[in-house]
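Contents: one structure, followed by commentary.
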Amino acid sequence: MRNVIIVIKHEIRNTLGKPSFWLTTFLLPAVIMVFSFGAQFLSRSAFETEEDVLSGQGETGAVAVGYVDYAGLIKALPPEIPATLVQAFPDEETAQAALVDGQLREFYVIPADYVATGKLVAVEKEFAPLGNLGTIDILRYIVSYNLVGDAVLARRIATPLFSVETTAVEAPDSNANQDYGTRFIVGYGVLFIFFFVLTMSSGFMLRSVSREKENQTVEVLLVSLRPRDLMLGKVLGLGVVALLQMAIWLGGSYLTLNRGGSALASFGIFIESITLPKGFVVWGLLYFVLGYILYASLLGAIGALAPNTRETGQFTFLAMLPLMLPLWLSSAFAQAPNDLLATIMSLFPLTAPTSMLPRLAVGGVPFWQPLVGLVALAATTYLFVLIAARFFRADTLLSSASMSWARVMEEFRKGSKK
Amino acid sequence: MTTVKVSHVSKSFGEVKAVQDVSFEVYPGEVFGLLGPNGAGKTTTIRMMLDIFRPDHGEITIFDGKLTEDKKNRIGYMPEERGLYKDLKLEPTLLFLATLKGIDEATAKARLEPWLERFDLTGFRQQKVQNLSKGMQQKAQLIATLLHDPELLVVDEPFAGLDPVNTRLVKDIIEELRQQGKTIIMSAHQMHQVEELCNRILLIDHGRNVLYGEVAQIKRDFAGNALTIEGQGDFTNLPGVLEARRHNGTWNLTLDTGVDSQDVLRAIMRQDNVKLERFEIAEPSLEDIFVTVVQRAGHEEAANA
């Protein structure tokens, strides 16, 4: 055990002593925040959203939407649309004059054959391809309302993805009532942090094992340590590093949210409304630790088999693929965190570490789901550690044989015999 | 009492029989040479001795018993493929490896100082290993092997990559360790180094014991198998001669087993274009014996095939 502790200390010192660790820990989130928030700030300044228009926060106080209805569809406005928001014009010339006078920012022409074609013509002062994203939805909503004669149905036509209705059988969870923007940023933030810390810390394991193989240090180490003790020391040492990185990122996120509250409020995201559910930290810790051990063992086994890091590419990608899936589906996760896809992925052990936590952060997850997910994850982690240990042997660590699927199977069979 | 006892040990990797029925003993305070051509099974034998690999058959005892974790701390091992963390600084690397051998960091630090001085590496202690020359890395590896003051030292090719000055230094250290009562097992290709340092040797070829015993006795046993000749003419391609090498005008002939030196003399005298000035039965060098034994084993294998 003494030597396992020495390896733990060595891995911690070694990883924390590398400038690349600190650069990645601090620079990567900064770059991503600059790109994601920066892009949103830029787009925000380029066009106004539906909510801005609805709240009457138009840029010059002019009537936001004018229209010329050649189809004769608009007879009434939905109850929640203020009459001052839209103005009807009898023809294009009148509307054009109002646009030139500054009474309008833009107007729409509803052609006589709109019902057949669904095409609107937008007329603006300046060409702005994204500038009418908010107002065009309002106009379509008004037209739909007049066509179907029902506000609820018209909204469903406008946003079909939000048509899922959930009924709480327990006391309502305040988090489930968070609006879309808040839900997205919380869910995406948690998903992002868990994904990156898990992939990075598992990557440290792969590099650590590969480095000892490439430097041929492993033969010296094996005279002092059994291969499984070496693996244990590495997993635990790099686990401490992973927890530190997680603490830095979560702490950084907390500070950013607190300090950047006013900036986020301009996106319709109100920090006060972000409340993580009870027990989230405990669930988070358990899912993270098990997820880390699972993937670190897996990548450690790949490192033990491969003669160098260059040959690990496709194997590492396949091993980490389940962690990436929720990231690729993050939008669907944020929109419907409790639908079938998100639920299955958060219960499936390999995708659970990055799927369950974002759902828990958003709220509304029945208690049995994280519990079942955790038990399945613990069982799978145990199984994967046993499998990884079969590959983590002196003969594989000292071998310079190339990596291939045939070899993986062969070494697995050899490991089973020992 | 033996420091190492290897009894009828075998090890296969798939279809390849790396070591077959190898046996030898190493006694306290001796320098033991483990010799053999590339791929003979030396490294596999060493790895089994150190419990890195488990033998398929046979038994190995270290310090009169099974190799336990505590006993591992009494062993220093320098593998042929040198292994230091290239991206780490020299001092922390050496301290890490020493602490894995059961000593605390303060003791390791105190012991490190004189070794760095002796190997002229004091100024490089905070340099990354990758910035050191090959010779310096070799010396650093030797420090890593010695820092925990082992009782048994296993060194594979200790002189590889060293210049003559540092080769001399390493030889002196091996001699000092022997005088301190340490046991040393060394594997080397340079036969004159083995001859100079080792009390006893084991020659392995194709995974089998082919020669085992005291160096002096082995040389006596093979004494009739070497000739020193001076003269004019061609002394190659003589019957019964395994190898003929010319050095500074003197020919060294290695004879096959069972060949009488008088038959070789008669064969030389039968040649018209030869003028013989000196004909002497020589004590063979370990290198001559090595070549004889390995070639003979090769011939026997070819004959059996």
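Cβ-Cβ distances below 7 Å connect the following pairs, each with a first residue in region A:343-356 that is without any contact (Cβ under 8 Å) to a residue 60 or more places away in the chain, a second residue that is basic (Lys, Arg) and not in a loop (DSSP other than H, G, I, E, B), and a separation of six or more residues or different chains: A:346/A:359.
Checking each residue of region B:226-245 against the condition of being at pLDDT below 85 and either within 14 Å of residue B:293 (Cα to Cα) or touching a helix residue (DSSP H, G or I) at 6+ places or on another chain (Cβ under 7 Å) (or both) gives at least one match. Selection of first residues in region A:381-396 that are more than 14 Å from chain B (Cβ to nearest Cβ) and surrounded by fewer than 21 Cβ atoms within 10 Å (Cβ to Cβ) and of second residues that are at pLDDT below 85 and part of a loop (DSSP other than H, G, I, E, B), restricted to Cβ pairs under 8 Å at least 6 apart or on distinct chains, gives the following pairs, ordered by first then second residue: A:390/A:418. Given the conditions (1) within 22 Å of residue B:151 (Cα to Cα); (2) surrounded by 17 or more Cβ atoms within 10 Å (Cβ to Cβ); (3) not β-branched (Val, Ile, Thr), report the number of the one that residue B:104 does not fulfil. Tallying (1) within 22 Å of residue B:151 (Cα to Cα); (2) surrounded by 17 or more Cβ atoms within 10 Å (Cβ to Cβ); (3) not β-branched (Val, Ile, Thr), residue B:104 fails exactly one: (2). Within region B:46-93, being open to solvent by 10 Å² or more (accessible area, probe 1.4 Å), within 25 Å of residue B:115 (Cβ to Cβ) and away from chain A (no Cβ under 12 Å) holds for B:63, B:91.
Count of region B:3-39 residues, restricted to those that are in a loop (DSSP other than H, G, I, E, B), open to solvent by less than 20 Å² (accessible area, probe 1.4 Å) and modelled with pLDDT of 90 or more, is 2.
When residue A:348 is tested against the conditions (1) surrounded by fewer than 20 Cβ atoms within 10 Å (Cβ to Cβ); (2) modelled with pLDDT under 80, the lone failure is (2). For region B:94-108, the tally of residues that are charged (D, E, K, R) and facing chain A (nearest Cβ under 8 Å) stands at 1.
For region B:143-168, the tally of residues that are at pLDDT 90 or above and assigned to a helix (DSSP H, G or I) stands at 4. Whenever a residue of region B:212-224 is at pLDDT below 80, its partners that are buried (at least 17 other Cβ atoms within 10 Å of the Cβ), lying with C-beta atoms within less than 7 angstrom and at least six residues away or across chains, give the pairs B:222/B:284; B:222/B:289; B:222/B:292; B:223/B:284; B:224/B:261. When the test is whether a residue is of a type in the set (Gly, Ala, Ser) and over 19 Å from residue B:29 (Cβ atoms), residue B:216 does not pass it.
Could you list, in sequence order, all residues of region A:3-23 that are within 12 Å of chain B (Cβ to nearest Cβ), part of a helix (DSSP H, G or I), surrounded by fewer than 16 Cβ atoms within 10 Å (Cβ to Cβ) and under 30 Å from the mean Cα position of the chain (by Cα)? Answer for region A:3-23, where residues must be within 12 Å of chain B (Cβ to nearest Cβ), part of a helix (DSSP H, G or I), surrounded by fewer than 16 Cβ atoms within 10 Å (Cβ to Cβ) and under 30 Å from the mean Cα position of the chain (by Cα): A:19, A:20.
Selection over region A:205-223 of residues that are assigned to a helix (DSSP H, G or I), of a type in the set (Val, Ile, Thr) and within 10 Å of another protein chain (Cβ to nearest Cβ) gives a count of 2.
The values are calculated or read from the model by the stated rules, or taken from the named source; none is laboratory data. Just so it is clear, the structure is predicted and the values come from calculations on it, not from any experiment. Neighbour counts run over all protein chains shown; Cβ positions are idealised from the backbone, glycine included. Heads up: the accessible areas ignore ligands, DNA and RNA and are worked out on the full protein's heavy atoms, side chains in. Shrake-Rupley method; radii C 1.70, N 1.55, O 1.52, S 1.80 Å.
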